[in-house]
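Student: Let me give you the structure first, and then I'll get to my questions.
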Amino acid sequence: MRMRRRKVEEGIRPRESTKDWAKVIWYKGAVPKQAFHMWIANYDRMPTRVRLASWGMLISTHCCLCSQFPEDRDHLLLTCEYSVVIWKWALLRLRPSGRLFCNWQELLSWLKSDTLQAPATLRCLVAHATIYHLWKQRNNVLFNSTHIPPESIIKCIDRDIRNTIHARNRRKRFLNYLPLWSH
Ligand SMILES: [Zn+2]
């Protein structure tokens with residue numbers, strides 16, 4: 001029975017492809033709701049306007065955050081001018097000479113890297129919070145017409161990251177993250 005279940009699971013999530021990204025999504029200490037968003041985003045299953053239009057919905061495909069480019073995952077979460085302000089701030093905190101991401105694969109590669117200044121788990125924590133808040137703000141614009149400057153989102157992300165680190169201070173490696181994040 002156990003063998004059979006494992007085969008079914010492998011059919012749904014092939015091992016080789018899962019191995020590639022699972023560690024950066026379901027890492028130890030992840031915030032469940034943020035990891036879930038990251039998982040959906042990784043599969044490119046978020047209902048962005050480009051995807052909604054591809055299903056036949058008669059809507060504008062323009063990005064909710066900048067109104068200039070088609071709203072697909074990589075634009076909305078990585079290359080939109082609104083998102084770029086937030087990523088620049090996050091990357092400066094973690095690695096002063098880092099460059100921005102052009103596509104999802106570049107983000108995944110960055111998340112899998114590990115340096116003393118920016119350990120992999122801290123990178124994941126920051127990326128999860130950023131992706132979560134960007135999607136939340138996109139929905140805020142779409143459903144509530146609430147426009148908030150990126151600087152306010154940055155404050156929310158910063159607070160979230162600090163709270164997450166504090167809440168996990170019994171895990172040895174999280175103890176080092178606050179000075180790395182707050183420098
Ligand atoms: Zn945009």
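The values are calculated or read from the model by the stated rules, or taken from the named source; none is laboratory data. Keep in mind that this is a model prediction, so the values were computed, not measured. Heads up, the Cβs are rebuilt from the backbone with ideal geometry, glycines too, and the neighbour counts pull from every protein chain shown.
Student: Look through the stretch 70-102, keep the residues that are surrounded by 13 or more Cβ atoms within 10 Å (Cβ to Cβ) and part of a loop (DSSP other than H, G, I, E, B), and return whichever of them is farthest from the ligand (Cβ to nearest atom).
Tutor: Per the criteria, the residue is 95.
Student: Return the residues of the stretch 103-118 that are surrounded by 15 or more Cβ atoms within 10 Å (Cβ to Cβ) and assigned to a helix (DSSP H, G or I); say none if nothing qualifies. I'd like the intermediate steps shown before the answer.
Tutor: Of the stretch 103-118, the ones surrounded by 15 or more Cβ atoms within 10 Å (Cβ to Cβ) are 104, 107-108, 110-111, 118.
The answer is 104, 107, 108, 110, 111.
Student: Another question, if that's okay. Is there any pair with a first residue in the stretch 12-27 that is among the charged types (D, E, K, R) and a second that is modelled with pLDDT of 65 or more whose Cβ atoms are under 9 Å apart and which are 6 or more apart or on different chains, and what are they?
Tutor: Pairs that qualify, where the first residue is among the charged types (D, E, K, R) and the partner is modelled with pLDDT of 65 or more, are 13/22; 20/108; 20/112; 23/111; 23/112; 23/120; 23/124.
Student: To continue, here is another question. Need pairs with beta-carbon distance below 7 Å; first residue more than 13 Å from residue 123 (Cα to Cα) and within the stretch 159-183, second charged (D, E, K, R); sequence gap 6+ or separate chains.
Tutor: Qualifying pairs under 7 Å: none.
Student: From the list 159, 170, 138, exactly one residue is part of a helix (DSSP H, G or I) and over 19 Å from residue 71 (Cα atoms). Which is it? If you could, list the steps in order and put the result at the bottom.
Tutor: Details: 170 fails: part of a helix (DSSP H, G or I); 138 fails: over 19 Å from residue 71 (Cα atoms).
The match here is 159.
Student: Among 146, 121, which is the only one that is hydroxyl-bearing (Ser, Thr, Tyr) and exposed (fewer than 11 other Cβ atoms within 10 Å of the Cβ)? Talk me through it step by step, then tell me what you get.
Tutor: On the way: 121 fails: exposed (fewer than 11 other Cβ atoms within 10 Å of the Cβ).
Sole residue among the options that is hydroxyl-bearing (Ser, Thr, Tyr) and exposed (fewer than 11 other Cβ atoms within 10 Å of the Cβ): 146.
Student: Next question. Run down 173, 138, 168 and say which single residue is surrounded by 15 or more Cβ atoms within 10 Å (Cβ to Cβ), in contact with a helix residue (DSSP H, G or I) (Cβ under 7 Å, 6 or more places away or on another chain) and modelled with pLDDT under 95. Write out each step before concluding.
Tutor: Working: 173 fails: surrounded by 15 or more Cβ atoms within 10 Å (Cβ to Cβ); 138 fails: modelled with pLDDT under 95.
Within the list 173, 138, 168, the selection yields 168.
Student: In this structure, does residue 51 turn out to be part of a loop (DSSP other than H, G, I, E, B), without any contact (Cβ under 8 Å) to a residue 60 or more places away in the chain and either surrounded by 14 or more Cβ atoms within 10 Å (Cβ to Cβ) or of a type in the set (Lys, Arg) (or both)? It would help to see each step written out before you state the result.
Tutor: On the way: part of a loop (DSSP other than H, G, I, E, B): no; without any contact (Cβ under 8 Å) to a residue 60 or more places away in the chain: yes; either surrounded by 14 or more Cβ atoms within 10 Å (Cβ to Cβ) or of a type in the set (Lys, Arg) (or both): yes.
Criteria not met by residue 51.
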